[in-house]
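See structure below.
The values are calculated or read from the model by the stated rules, or taken from the named source; none is laboratory data. Only a predicted model underlies this, so the values are computations on that prediction, with no experimental measurement involved. Neighbour counts run over all protein chains shown; Cβ positions are idealised from the backbone, glycine included.
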Amino acid sequence: MPCSYENSRLLGILFYAHPSPDLRQLFFKIPHFSSLLPPPLPFIPHLASVSKAAPVEPKAAPFAKLLEPLLLLAPAGVWLALLLVIPTLLIFELSLVPDIKPGDVVNPSGLDNYWLILQPDVLRVIGRSLFFAAGTTALCLLMGFPVAYWVAIMAAKRWRNLLLLGFILPLWTSSLLRSYAWISILRPTGVLNTLLASLGLPPSDLLYRASAVFIGMTYSLLPYMVLILYASLEKLDRRLLEAAADLGASPRQAFWQVTVPQTLPGIAAGTILVFITGLGDFVNPELLGGNANRTAARLIYNQFLGATPNWGFGSALSMMLVLVVSVAIALLIKYGDQNPKSS
Amino acid sequence: MFSRISWQSLFSLLIFGFMYLPILVLGVYSVNQSPNSAQWSGFTLDWYIKFFNDSRILSALSDSLTVAFCAVGISAVVGTLMAVGLARYQFPGKNLYQGTAYLPMIIPDIAIAVATLVFLAVIAVPLSLWTIVAAHGVFCLSYVAFVVSTRLVNLNPHLEEAALDLGATPYQALVRVLLPELMPAIVSGCLLAFVLSMDDFLISSFTAGGGATTLPIEIFSRIRTSVRPDINALSIVLMLVSGGAAVLAEVIRDRSEKKRFR
């Protein structure tokens, strides 16, 4: 199936950068890159006003002044309150209860669960998650920038949409099956080793190691990075590059002093979004990393569905994950687009 | 310019290869006779036949389809209403409402999954197929509403006013004027939500309980233990189906765009 859900917070971006003229025009009309993001989390109140859709003036029908808004907004509101807001508050409450198991009476009594996070074992898992997320982000940036640059600036104009589409297409497969494909490539008797053997080279042993996780995660997230960078690079004013060349800049200088600064908002957006998505990834570390490479998502999973559940600790971990993600998003909204250019 | 090939284009070609390598491997393996090795040992369609006769896979598929159709169906209606409501009204707490509505697109699945599990445990609802539907409805709702709201932003607000001025009731204005304008966005939002629902592993596995097994849960439990050639066949079938859905969505969108701008 298409784009996996764990990658999906990037889909807002994907939609704006979708290779279709009207959606892309919309993308360029929006002055702030931050408005491309889903709205910020509600518990960062001063950021809550960032994403304002242009309000359509209400055309007040005489009789339905209150009924109409209720009809439109109440069903979704009830659903969200029941299955998103109350559960999240419950998790927060549970995170304050040490040593709770299913069925116990909830009696919030302190931050003990949060202190448990400071155990060396747990910190190692969290550090590993951060390492995977950061490494994947760096790889995506390194691999994605040349591709985005080539598609946006060097490729013939009429091929651009097709090239982009071709790049996104592999996302239309199930995230599990993508990892599975990498298993069959990387496993000891897999494609890679068969190829190496036929070339007379020594076999590689990548599966169930960090390198396999990096390959899988980079594979999953690279298309998003390329899309975001492409959107940013396509906005680049070519005349600036020509001017730089006329004034005697070498291509290298023009790249570092014109192209990169101009696309910095895109780089920031891509970096942070790939990072937070990688941080919450479950499937790739689980299937490609094996037992030695468990990440934070797996640790939380174990606290609920594992052999020795500890709901309070799991809730504390989950709250921490949400916190890190919200801080990253807040940073992006704050610094992602310092000086929106108005043309 | 044309005579020399830049390193960027070579590099991009390489990355394209990287993106398509796994799919190619799945495709080749799915018609390979040998079940376990990477060696090519002849063409066969046995894995496809085996896959279509595998009752556990088929029942997982039907569970997944049930969940996806129900969750998407509900969120198509509720999400569109919400997007229209949010675009139309100003009210206290609107930012909070809006922020909450798009929350599932930001926070990691695992956080949503555990929260839903705890909530269901607290209110003592037994886990079943329908708890998966309810949980999937939340993120489907976000995506449908998000896609619809991007369309609402560049819609002409005067169309509906004109309809009202010409004597249409608010209901008529909604159904006969606004809805057709929004239809492409609703369709593509639904397709996206459908696809995400079919692919979701974490939220399903936390809300499924013992009775229901969706396709990702079944696939996960199989590929975790071993490499199995019938999974290759399954991958290719799923890929063709979702590729077809993608093309269909693109055609629907394209056609309605042409109609709109004529």
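Of the conditions (1) out of contact with any Pro (no Cβ under 8 Å at 6 or more places or on another chain); (2) in a helix (DSSP H, G or I); (3) modelled with pLDDT under 85, B:ALA145 fails just one. Which one is it?
Evaluating B:ALA145 over (1) out of contact with any Pro (no Cβ under 8 Å at 6 or more places or on another chain); (2) in a helix (DSSP H, G or I); (3) modelled with pLDDT under 85 leaves (3) as the failure.
List pairs: first residue in region A:176-199 and touching a residue at least 60 places away in the same chain (Cβ under 8 Å), second residue polar (S, T, N, Q) anywhere in the structure, Cβ distance under 6 angstrom, at least six positions apart or on different chains.
Cβ pairs passing all conditions: A:SER179/A:ASN284.
Pull out all pairs, ordered by first then second residue, where Cβ-Cβ is under 7 Å, the residues are six or more apart or on different chains, the first lies in region B:38-55 and is farther than 22 Å from B:PRO22 by Cα, and the second is assigned to a loop (DSSP other than H, G, I, E, B).
none
Looking at B:ALA76, B:ALA87 in this structure, which one is within 11 Å of chain A (Cβ to nearest Cβ), crowded, with 16+ Cβ neighbours inside 10 Å and under 30 Å from B:VAL148 (Cα atoms)?
Working: B:ALA76 fails: within 11 Å of chain A (Cβ to nearest Cβ).
Going through B:ALA76, B:ALA87 in turn, the sole match is B:ALA87.
Of the residues that make up region B:151-160, is at least one touching a residue at least 60 places away in the same chain (Cβ under 8 Å), touching a helix residue (DSSP H, G or I) at 6+ places or on another chain (Cβ under 7 Å) and not in a helix (DSSP H, G or I)?
no
Working carefully through the options B:GLU160, B:GLU181, find the one that is out of contact with any His (no Cβ under 9 Å at 6 or more places or on another chain), away from every other protein chain (no Cβ under 11 Å), of a type in the set (Asp, Glu) and closer than 23 Å to B:VAL78 by Cα. Reasoning before the result, please.
On the way: B:GLU160 fails: away from every other protein chain (no Cβ under 11 Å).
Sole residue among the options that is out of contact with any His (no Cβ under 9 Å at 6 or more places or on another chain), away from every other protein chain (no Cβ under 11 Å), of a type in the set (Asp, Glu) and closer than 23 Å to B:VAL78 by Cα: B:GLU181.
Hey, among B:ALA87, B:ALA121, which residue is assigned to a helix (DSSP H, G or I) and touching a residue at least 60 places away in the same chain (Cβ under 8 Å)?
Every option except B:ALA87 fails the conditions.
Across region A:303-321, what is the total count of residues that are outside any helix (DSSP H, G or I) and either free of Cβ contacts under 8 Å to residues at least 24 places away in the same chain or facing another protein chain (nearest Cβ under 7 Å) (or both)? Before you say what the answer is, go through the steps one by one.
Residues of region A:303-321 outside any helix (DSSP H, G or I): A:306-310.
Filter once more, so that each one left must be either free of Cβ contacts under 8 Å to residues at least 24 places away in the same chain or facing another protein chain (nearest Cβ under 7 Å) (or both): A:306-308.
Going through region A:303-321 one residue at a time, the tally reaches 3.
Scan region B:117-125 and give yes if some residue there is at pLDDT below 90, closer than 28 Å to B:SER235 by Cβ, β-branched (Val, Ile, Thr) and surrounded by fewer than 19 Cβ atoms within 10 Å (Cβ to Cβ), otherwise no.
no
Can you find a residue that is within 8 Å of chain B (Cβ to nearest Cβ), closer than 26 Å to A:SER204 by Cβ, modelled with pLDDT of 80 or more and within 27 Å of the chain's Cα centre (by Cα) anywhere in region A:136-143?
Applying the first criterion (within 8 Å of chain B (Cβ to nearest Cβ)) to region A:136-143 yields A:143.
Imposing the further condition that a residue be closer than 26 Å to A:SER204 by Cβ reduces the set to A:143.
Restricting the remaining residues to those that are modelled with pLDDT of 80 or more gives A:143.
So of that shortlist, the ones also within 27 Å of the chain's Cα centre (by Cα) come out as A:143.
Looking through region A:136-143, at least one residue is within 8 Å of chain B (Cβ to nearest Cβ), closer than 26 Å to A:SER204 by Cβ, modelled with pLDDT of 80 or more and within 27 Å of the chain's Cα centre (by Cα).
Would you mind stating whether B:ALA185 is touching an Asp or Glu at 6+ places or on another chain (Cβ under 9 Å) and free of Cβ contacts under 8 Å to residues at least 40 places away in the same chain? Step through it out loud before you land on a result.
Numbers: touching an Asp or Glu at 6+ places or on another chain (Cβ under 9 Å): no; free of Cβ contacts under 8 Å to residues at least 40 places away in the same chain: yes.
In short, no.
Among the residues of region B:204-211, is there at least one that is of a type in the set (A, V, I, L, M, F, W, C) and modelled with pLDDT of 85 or more? Spell out how you get there, then give the answer.
Keep residues of region B:204-211 that are of a type in the set (A, V, I, L, M, F, W, C), which gives B:206, B:208.
This time we only want the ones that are modelled with pLDDT of 85 or more, so: B:206, B:208.
Looking for residues that are of a type in the set (A, V, I, L, M, F, W, C) and modelled with pLDDT of 85 or more, one finds at least one in region B:204-211, hence yes.
So which residues in region A:177-197 are among the hydrophobic types (A, V, I, L, M, F, W, C) and either closer than 20 Å to B:ILE219 by Cα or touching a Pro at 6+ places or on another chain (Cβ under 7 Å) (or both)?
If we filter region A:177-197 for residues that are among the hydrophobic types (A, V, I, L, M, F, W, C), which is where we start, we get A:177, A:181-183, A:185-186, A:191-192, A:195-197.
Residues satisfying the conditions are A:LEU177, A:ALA181, A:TRP182, A:ILE183, A:ILE185, A:LEU186, A:LEU196, A:ALA197.
Which helices (runs of 4 or more DSSP H) does region A:160-248 wholly contain that include 1 or more residues that are crowded, with 16+ Cβ neighbours inside 10 Å and within 13 Å of chain B (Cβ to nearest Cβ)? If you could, list the steps in order and put the result at the bottom.
Working: elements: A:175-186, A:191-198, A:210-234, A:238-246.
Ranges flagged: A:175-186, A:191-198, A:210-234.
List pairs: first in region A:231-252 and over 15 Å from A:TYR149 (Cα atoms), second small (Gly, Ala, Ser), Cβ under 6 Å, 6+ apart or cross-chain?
As it stands, the answer is A:ALA244/A:ALA254, since those pairs meet every condition given.
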